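Input: a single structure, listed below in structure tokens.
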Amino acid sequence: MDGAADDVNQAIAGELQLMDPRVRASRERAGQLLDPEFVEVGGSGRRWTYEAMFAELPEHPGSSADGPRYEPSEISGVLLAPGLVHLTFETTLGGRRTRHSSIWRKGDQAAGWRMYYHQATRVPPGVN
């Protein structure tokens, strides 16, 4: 496997981990996957910082083992530059469809790949 494909696959693996309720419910595990400079613009339009997301992630939808789970599809990515991957994908959660874009940044060996930026856009019913 070439380096670019390996980097994209590692970012995808991190993205999938962040959708796992066990990871979302664990501040330690989620903290290993979110970059300290993380920013998100959520589907509601709310802007999230690392501190705000880190504090509230265990309470967010998709974080409960007995609640609805994120169902990802059409995940693809591209290496933008060394250590920088852009992913796009869709999810459904409890019947709500959302399109996502995230940027993953590679830190030092100990830190590995972390989500640096995330954008979510809700897809209205009936839209392809």
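Just checking the listed ones, 82, 58, 72: in the Gaussian network model of the chain with Cα springs under 10 Å, the one fluctuating most is 82.
Normalised size of region 34-76, defined as Cα radius of gyration per 2.2 N^0.38 Å with N residues, equals 1.31. Excluding ligands, DNA and RNA, the accessible surface per residue across the chain is 56 Å² with a 1.4 Å probe. Extension gain, residue 122 to residue 96, is 8.6 nm, computed as 0.36 nm per intervening residue step minus the present C-alpha separation. Extension gain, residue 108 to residue 65: 0.36 nm times the residue separation minus the Cα-Cα distance gives 12.3 nm.
With the whole protein complex present, residue 98 retains an accessible surface near 20 Å², based on a 1.4 Å probe. Shape descriptor for region 41-128: Rg over Rh equals 0.98 (Cα atoms; Rh from the Kirkwood inverse mean 1/r). For residue 100, the solvent-accessible surface computed with a 1.4 Å probe is close to 20 Å², ligands and nucleic acids excluded. For region 22-128, the share of accessible area belonging to carbon and sulfur comes to 51 percent (1.4 Å probe, ligands and nucleic acids excluded). Here the Karplus curve 6.51 cos²θ - 1.76 cosθ + 1.60, taken at θ = phi - 60°, turns the phi angles of region 9-18 into couplings of 4, 5, 5, 4, 4, x, 4, 5, 4, 5 Hz, with x standing for Gly and Pro.
The values are calculated or read from the model by the stated rules, or taken from the named source; none is laboratory data. Model, not experiment: these values are computed from the prediction. These area figures cover heavy atoms from the full protein model, side chains too; ligands, DNA and RNA do not enter into them. Shrake-Rupley method; radii C 1.70, N 1.55, O 1.52, S 1.80 Å.
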